[in-house]
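Take a look at the structure below.
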Ligand SMILES: NC(=O)c1ccc[n+]([C@@H]2O[C@H](COP(=O)([O-])OP(=O)(O)OC[C@H]3O[C@@H](n4cnc5c(N)ncnc54)[C@H](OP(=O)(O)O)[C@@H]3O)[C@@H](O)[C@H]2O)c1
């Protein structure tokens with residue numbers, strides 16, 4: 001198998017450009033075994049970055065992740081998130097303890113603020129840095145922060161990533177946010193890279209896919225992954241979807257493909273507010 005692309009975070013950690021999302025997992029006991037086995041299949045195929053959050057299924061997604069990574073924790077790069085309502089000094093420490101317990105691990109590799117709430121960013125970052133000192137998290141980052149929010153982070157601090165909504169139908173970040181993150185050398189983590197499935201019936205996407213003998217999901221992922229400093233974290237709960245997504249990691253789109261996709265999904269011509277799901 002060709003060595004797939006990795007992305008190097010500001011702290012030097014190299015992570016796979018294609019990871020796995022978990023939103024919605026753990027909510028239905030009847031689907032749990034399939035979710036665990038899909039995540040494991042993804043790990044076997046090198047998609048070893050797993051994104052979860054205390055919010056997902058009220059902690060149940062983290063428990064699914066724990067089951068999937070059991071026995072192979074050191075091979076996995078775990079990302080979890082704290083809710084803005086827990087983002088004050090005490091709340092962060094407590095939320096992190098809860099996530100560690102559910103994940104059945106002693107450290108989270110990358111801990112994100114899920115979105116900006118009313119707690120000053122400075123307080124949250126201080127709490128993150130104290131968790132780094134204690135060894136409970138290896139690094140911290142942010143999610144759903146737009147250019148102006150990034151400017152409000154305490155000076156001399158740098159998040160390891162900004163996890164944002166980015167896909168063919170949500171190209172707003174290309175104007176403003178992606179260039180700014182590039183200037184700061186902060187890789188972006190693209191969530192909902194297939195727009196939760198809503199993109200997949202789009203004619204232009206289907207046409208490009210047909211020309212490649214690929215599926216629309218693969219083209220949507222290859223399109224996000226065309227940036228060297230963007231990580232994509234699709235959520236998939238079947239082995240078939242996992243294998244399909246894994247193959248997209250090595251797919252190259254031609255200039256003609258990109259032009260056809262630009263016509264169907266025009267790039268932004270000015271700043272748009274950052275969208276969220
Ligand atoms: N930071 C944030 O605020 C935020 C917000 C949203 C999401 N996220 C993270 O990003 C992850 C991904 O986003 P998402 O779950 O919202 O949406 P997504 O990854 O764009 O879409 C997930 C949906 O696409 C389907 N799918 C996956 N691969 C497919 C394939 N090859 N062919 C056809 N369908 C496929 C999945 O079906 P199956 O499950 O049936 O395989 C699922 O229904 C989340 O799980 C979460 O970890 C973060």
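What follows draws every value from the coordinates through simple rules; no lab data is involved. As the structure is a computational prediction, the values presented were derived from the model and not from experiment. Note: ideal-geometry Cβ built from the backbone for every residue, glycine included; neighbour counts use all protein chains shown.
With assigned to a strand (DSSP E or B) and crowded, with 23+ Cβ neighbours inside 10 Å as the only criterion, which of 39, 78 stands out?
Values: 39 fails: assigned to a strand (DSSP E or B).
The match here is 78.
Give me the residue from segment 181-208 that is more than 11 Å from the ligand (Cβ to nearest atom) and buried (at least 19 other Cβ atoms within 10 Å of the Cβ) and, out of that set, farthest from residue 261 (Cα to Cα).
Just the residues of segment 181-208 that are more than 11 Å from the ligand (Cβ to nearest atom), to begin with: 181-188, 202-208.
Cutting the leftovers down to buried (at least 19 other Cβ atoms within 10 Å of the Cβ) gives us 181, 186-188, 202, 205, 208.
Details: 181: 24, 186: 26, 187: 23, 188: 21, 202: 10, 205: 7, 208: 8 Å.
The extreme case among them is 186.
The single condition from (1) in contact (Cβ under 8 Å) with a residue 60 or more places away in the chain; (2) outside any loop (DSSP other than H, G, I, E, B) that residue 207 fails is (1).
Can you spot a residue in segment 54-68 that is in contact with a helix residue (DSSP H, G or I) (Cβ under 7 Å, 6 or more places away or on another chain), closer than 17 Å to residue 128 by Cβ and not in a strand (DSSP E or B)? Yes.
The single condition from (1) within 16 Å of the ligand (Cβ to nearest atom); (2) under 14 Å from residue 170 (Cα atoms); (3) in contact with a helix residue (DSSP H, G or I) (Cβ under 8 Å, 6 or more places away or on another chain); (4) assigned to a loop (DSSP other than H, G, I, E, B) that residue 223 fails is (4).
What residue, among those in segment 235-277 that are touching a helix residue (DSSP H, G or I) at 6+ places or on another chain (Cβ under 7 Å), without any contact (Cβ under 8 Å) to a residue 60 or more places away in the chain and under 15 Å from residue 41 (Cα atoms), is surrounded by the fewest Cβ atoms within 10 Å (Cβ to Cβ)? Among residues in segment 235-277 that are touching a helix residue (DSSP H, G or I) at 6+ places or on another chain (Cβ under 7 Å), without any contact (Cβ under 8 Å) to a residue 60 or more places away in the chain and under 15 Å from residue 41 (Cα atoms), the one surrounded by the fewest Cβ atoms within 10 Å (Cβ to Cβ) is 247.
Looking at the structure I just gave you, is residue 30 surrounded by fewer than 15 Cβ atoms within 10 Å (Cβ to Cβ), within 15 Å of the ligand (Cβ to nearest atom) and free of Cβ contacts under 8 Å to residues at least 60 places away in the same chain? Yes: the conditions hold for residue 30. Scan segment 125-149 residue by residue and report those that are farther than 22 Å from residue 166 by Cβ, over 20 Å from the mean Cα position of the chain (by Cα) and part of a helix (DSSP H, G or I). 126, 127, 129, 130, 131, 132, 133, 134, listed by residue number.
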